[in-house]
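The values are calculated or read from the model by the stated rules, or taken from the named source; none is laboratory data. Not measured: the values here are computed from a predicted model. No Cβ is skipped: glycine too gets one built from the backbone with ideal geometry, and neighbour counts run over all protein chains shown. The area values use the complete protein model at the heavy-atom level, side chains included, leaving out ligands, DNA and RNA. Shrake-Rupley method; radii C 1.70, N 1.55, O 1.52, S 1.80 Å.
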Amino acid sequence: MTDFSRPRRMSLSAFFIILLKSLKTVFATTVVFLLIRFVDSGDSGSADVSWWILVSAYMTGCVAVSLLVALAQYLPKRFYVAGGNLVFSHGLLRRQTTTIPLDSIHSLRTKCGLVYQMLGLRGIAFDTLASKGEEIELILSESDWRSLLRYIEKGEQSVSSASSSASASGAASRGAVQPNSVFIYFRNKYLLADVFCQNHLKGLAVVAALLAAVFDKISDFVGKMELEEIEEYVGGVAGQYSGVSAFSPALVLALLAVAYIIVMLLWVGKAFLLYFNMTATIDGNLLTFSRGLFSRMTSRFSYDKVCTVCVKRNFLERRFRLCTMSLRQALFATADKEEDNIRIYSSEASLSLLRWWLGKDYEDEATLLSARSGQGVFWHSILPGVTVLLVVAAALCYWQLYLWTMIPAVCLPVVLLKGYCTMRRSRITLRQTYMVVENGRFADVCNYVKYENVEVVMIRQTPFTRFSGRVSIVFSTSGSSFTVRSIPRAAASRIADTLLRP
């Protein structure tokens, strides 16, 4: 077991990782100047000796600067564990020392990419709620990481033994904390199926954006050329190979379908790389996630650090018994926005996490109060979309582009359907120890929030409240905020009293 009681630096292998990161940053920052120099050099620039001298000097300078930056980051950085605190000193010209109580560490995130794996290293980020960025980021060997983790666990027990015992006993009484370790493996086939069941609207939006960009480039290129001449030329070339008119509806639809499939495959591939072989380990009051194909990412945090659990199902996910679950932590819990929430693509088996967080009998809790939103949600949802469509239609009529008014006419039913679905799915339900906020548009979204995590509750009235008797209730946790609109005023008051009850 490595001794962390005295200040120590990271290993030389860690310096190599820091050097690679510095090289990447320096090259990405300065390569644009090299490209500008290459463009300005003309056709003979590549054969000119001075050009190769410039490239060699550029490469040497980047390596030298990266080496200096890496040394400035590596040499002053020392860390150790003392008195239940993690002490981290850094800074070359301006020396700084950061001391973090071990019981204030919100989560531990680790990264183990290909280079890390080749060198037997692991990157560790220690996050607290005090700032947006990670407080400490270290690169340690696997054995050092395990030793440091033992120090952290020992420090947590010694610093907050009383509070931990009280919290554990309270959680155990609700059935939330599991007595034994539970290992959950999320199958990759469910990951692929669940990812492909969603984001189709985003795929269509990307295809539409690509078509708009291509159309804009073509318009600039052809200039004043006649459309008939372009169609005749392109149609003749395409006919030689396929026998299909270049501007036939079948070919256009086929190209759109291919572009859409490519976009969806790229999305599925990205999710597969990030969430491949995802596992979860529940060990008493701790939850550990591990995921990733080439770069394994690990997140470890306590049971009480989760402020909201969100479960989403669209009509395809309901059809194939799949769901998407998100574990939301505090806003400042992680430095990278992509890692703020743990997202799980899986079958219904992932709902076992709800039994861990809310208690094994959470589904049997009695309903205290339930309130459904009224028509105000419908009007609030469709008003922005209808306003934009009316403005676009008026502009098209003003420019006498009457045929193009079909676009807002087709979009209007979609906007109305979205408003109806939003109103139909908006509801808040209070149980004995938690509440469920249902929202979503074309998908069912259930947000589970424990009463103890609610920090702020507000009731808002509108100019129409005096006629409708309906208000909006807003409540916030440390990492999420929800607004339930157009519910009866009496129900909103009872909900607020329940949430604010000590």
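Quick notes
- Point-to-point label distance, Leu92-Ile261, nm (Cα→Cβ direction, 7 Å offset): 5.3
- At R0 = 22 Å, FRET efficiency that the Cβ-Cβ distance of Phe442 and Lys270 yields, to 0.05: 0.50
- The stretch between Arg427 and Arg9 holds 145.1 nm of extra length on full extension. This uses 0.36 nm per residue minus the Cα-Cα distance.
- R0 of 56 Å, Cβ-Cβ distance Thr483-Ala82: FRET efficiency to nearest 0.05: 0.75
- Rough spin-label spacing in nm, given labels placed 7 Å along Cα→Cβ, for Met118 and Lys154: 3.5
- Relative packing of 386-398, 306-318, which averages over residues the other C-beta atoms within 10 Å, highest first: 306-318, 386-398
- Separation of the alpha carbons by more than 26 angstrom is noted, of Lys24/Lys270; Lys189/Lys418; Lys24/Lys189, for Lys189/Lys418; Lys24/Lys189.
- Across the options Thr462, Gly440, Ala393, the greatest Cα extent toward the positive end of the charge dipole of region 357-488 (unit charges at beta carbon of Lys, Arg, Asp, Glu) belongs to Ala393.
- Rounded percent of accessible protein surface that carbon and sulfur make up, region 460-502, 1.4 Å probe: 51
- Treating r as the C-beta distance of Lys189 and Phe464 and R0 as 60 Å, the FRET efficiency rounds to 0.75.
- Sorted on the mean count of surrounding Cβ atoms within 10 Å across their residues, most packed first, peptides 376-382, 402-408 read 376-382, 402-408.
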